[in-house]
Amino acid sequence: MQFLLNDLAKPEAQAPAKKLRLGQRPAFKIKEQRRMGLRLRIIQGHDAGKILPVSESSILLGRATTHGEHGKGFLFFYEATVSRQHAELAWDAKKKAYWLYQRSQTNKTLVDNQPVDAKNPTLLKVGSKIQMGLLILTLEDG
């Protein structure tokens, strides 16, 4: 039975291996499904209509220096009006939602037409509209 449990478990989803007693179930750390189903849709700006899944616990939003630039923990947008490090999404497991933090010191970020204060992040909900320069995104449930 042990070989079956090892075959089913994914390295990132499994707690350290322990010997199990008969009838005992393994403990798995499963990523939160709510976070895994969220995505950002570009509704205005370069690449309008593009859908970007968001599943990391922290994601930096910023300007791409080349079209198609990407990196783990980053979402880059090929948009001149977006700062290189414009804003950051941070997952709150208790609230099952992302907080949006202002990171740019020169360009504002708006959520539902309200400015995000650098010292006080904004809690996002499905349907929230995020504006960075001329780029507008909406948070959707996947």
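The values are calculated or read from the model by the stated rules, or taken from the named source; none is laboratory data. Source: prediction; values computed, not measured. Here Cβ is always computed from backbone atoms with ideal geometry, including for glycine, and neighbour counts include all displayed protein chains. Side chains included, ligands, DNA and RNA excluded: accessible areas come from the protein's heavy atoms. Shrake-Rupley method; radii C 1.70, N 1.55, O 1.52, S 1.80 Å.
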- Message: In whole Hz and in residue order, list the ³J(HN,Hα) couplings for segment 129-142 that follow from phi through the Karplus curve 6.51 cos²θ - 1.76 cosθ + 1.60, θ = phi - 60°; x for Gly and Pro.
- Response: 9, 10, 10, 10, x, 8, 7, 10, 10, 10, 8, 10, 8, x
- Query: For segment 52-142, what is the Kirkwood estimate of the hydrodynamic radius, computed as the reciprocal of the mean inverse distance between distinct Cα atoms, to one decimal in Å?
  - Reply: 13.1 Å
- Query: Residues with amide H under 5 Å of residue 50's amide H, sequence separation 5 or more or different chain, H placed in the peptide plane at 1.01 Å from N; which?
  - Reply: 42
- Query: Where both residues lie in segment 43-142, what percent of DSSP beta bridges are antiparallel, nearest 5?
  - Reply: 85 percent
- Query: Given a Förster radius of 30 Å and the C-beta distance between residue 65 and residue 140 as r, what FRET efficiency does 1/(1 + (r/R0)^6) yield to the nearest 0.05?
  - Reply: 0.65
- From the Cα centre of segment 98-142 to that of segment 40-81, the distance in Å is 13 Å
- Lysine pair count for segment 33-132 [Cα-Cα under 22 Å; pairs on different chains or 8 or more apart]: 16
- Query: Near residue 78, within a Cβ-to-Cβ distance under 9 Å, what is the net charge of the other residues, with Lys and Arg +1 and Asp and Glu -1?
  - Reply: -2
- Heavy atoms only, probe 1.4 angstrom, no DNA, RNA or ligands counted: give me 101, 78 ranked by accessible area, highest first. 78, 101
